Amino acid sequence: MKTHTLILVVAGAAVLLTGCVNPDGTQNNTASGALIGGVAGALTGAAIGGPRNGGAGALIGAAAGAIGGGLIGNSIDQEQNARLRAEAPQTYVKVDEGQPLAVTDVKALAKAGFTQSYTYFTWRNTKYELTEYLTEITKTPMREYFRPNFFTNTPDILAPMLQTGGPPAFRMRLVLAATLSSSYGIYSGFELCENDAVPGTEEYLNSEKYEIKVRDWHKPGNIREFIARVNEIRRENIALQDFLSLRFLDTDSDQILCYAKLSPDKGNIIIVAVNLDPFQTHYCTVVVPPEVVGAQPGQHYQVTDLLTGASYTWSDHNYVRLDPMVQSAHILRVEKLL
């Protein structure tokens, strides 16, 4: 087997599996450390082995790296478990036995170092619910220790919104997850808007937990390009890489949520408007306090919709209309003051 093939196999496994989680959704550092160490070791071993011995070097490096990374990850897991057992023994028992976790348990996990567990975002749908939840985790002492990962769906959770809202609901929830939190995730099949559920439950029908699924990723109706574009926007705009600068903006519609995020130096300012109703068009007036964008009262500025490339002139009060069948959201970047 050629060197580059070995490296691709190991790297592919890491891409698919890195971020391994425990049954409760918390990070499994032992597994992640082994996988990351294996990739790093394979690459290093291949480079040392050169053209003639790269394959053997990759295999040896992968094994050594996996062992080393696993040991380091296991040490982190043990430290977090010990801290959780000492500081929140009731939560530790719940996690160990796979019991449902309350809000206090999630907070205890975060304080113990388990910062990548999925959150209650999956069940926050209305403007009030989202505003209240995000305000709690960004404007209270939780901001000092809680680093949320917003999952749109999970192997166990197909939310009613996704079951009934079709592609507009999938696009809407993706934008919310990807722009409200600096860390988000989607579960396999989201790209294809899979939404068949066991009637009356949040469980996937024909769940991947019980069978191997083979998917056509180019199936008509997929939102792969939309997801890719949102991820590009996240990479290109530092304001979306931190959730602590979140500021909600007033609108006169309960169906349109609008918020701004700023980079630490305020050189990158993003304004997001999302139609929370996947079935109907809604419009509103968005109020943007001038200090949010560094403008004077009444001053105009140019914004670019990073999803479509369209440009608009905004000021203190701005009209927004979103048809979910066409566009569920605006992701606007402030370009320049006029």
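Values for this structure:
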{"quantity": "Meets criteria (buried (at least 16 other Cβ atoms within 10 Å of the Cβ) and among the basic types (Lys, Arg)) for Arg143", "calculated": "no"}
{"quantity": "Residue check, Ser245 without any contact (Cβ under 8 Å) to a residue 60 or more places away in the chain, under 23 Å from the mean Cα position of the chain (by Cα), closer than 30 Å to Thr140 by Cα and part of a loop (DSSP other than H, G, I, E, B)", "calculated": "yes"}
{"quantity": "Pairs, first more than 17 Å from Asp323 (Cβ to Cβ) in the stretch 264-276, second of a type in the set (D, E, K, R) and outside any loop (DSSP other than H, G, I, E, B), C-beta under 6 Å, six or more apart", "calculated": "Ile270/Lys261; Ile270/Arg333"}
{"quantity": "Number of positions in the stretch 272-292 that are closer than 17 Å to Arg171 by Cα and surrounded by 15 or more Cβ atoms within 10 Å (Cβ to Cβ)", "calculated": "8"}
{"quantity": "Sole residue being in contact with a Cys (Cβ under 6 Å, 6 or more places away or on another chain) and at pLDDT 95 or above, chosen from Val292, Val320, Val303, Val287", "calculated": "Val320"}
{"quantity": "From the options Ala295, Ala310, Ala260, residue that is without any contact (Cβ under 8 Å) to a residue 24 or more places away in the chain and either surrounded by 16 or more Cβ atoms within 10 Å (Cβ to Cβ) or farther than 15 Å from Thr179 by Cβ (or both)", "calculated": "Ala310"}
{"quantity": "Enumerated strands (runs of 3 or more DSSP E) restricted to the stretch 256-338, each holding at least 1 residues that are in contact with a Leu (Cβ under 8 Å, 6 or more places away or on another chain) and farther than 26 Å from Arg224 by Cβ", "calculated": "256-262, 269-275, 282-287, 301-305, 311-314"}
{"quantity": "Test set (1) under 17 Å from the mean Cα position of the chain (by Cα); (2) buried (at least 19 other Cβ atoms within 10 Å of the Cβ); (3) not polar (S, T, N, Q) - Ile238 fails condition number", "calculated": "(2)"}
{"quantity": "Residue within the stretch 144-160 that is in contact (Cβ under 8 Å) with a residue 12 or more places away in the chain, assigned to a helix (DSSP H, G or I) and under 24 Å from Lys219 (Cβ atoms) present", "calculated": "yes"}
{"quantity": "Selection status of Gly189, touching a Pro at 6+ places or on another chain (Cβ under 6 Å), crowded, with 17+ Cβ neighbours inside 10 Å and farther than 20 Å from Leu134 by Cα", "calculated": "no"}
{"quantity": "Hey, Ile227 in contact (Cβ under 8 Å) with a residue 60 or more places away in the chain, of a type in the set (A, V, I, L, M) and not in a loop (DSSP other than H, G, I, E, B) or not", "calculated": "no"}
{"quantity": "Search result, residues across the stretch 129-151 that are within 14 Å of Lys107 (Cα to Cα) and of a type outside the set (Phe, Trp, Tyr)", "calculated": "Glu136, Ile137, Thr138, Thr140, Pro141, Met142, Arg143, Glu144, Arg147, Pro148, Asn149"}
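Results for (1) among the aliphatic types (A, V, I, L, M); (2) under 25 Å from the mean Cα position of the chain (by Cα), shown as yes or no for each residue.
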{"site": "Leu257", "(1), (2)": "yes, yes"}
{"site": "Lys261", "(1), (2)": "no, yes"}
{"site": "Val293", "(1), (2)": "yes, no"}
{"site": "Tyr312", "(1), (2)": "no, no"}
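The values are calculated or read from the model by the stated rules, or taken from the named source; none is laboratory data. A quick note: this is a predicted structure, and the numbers were derived from the prediction, not measured. Cβ: placed from backbone, ideal geometry, glycine included. Neighbour counts: every protein chain shown.
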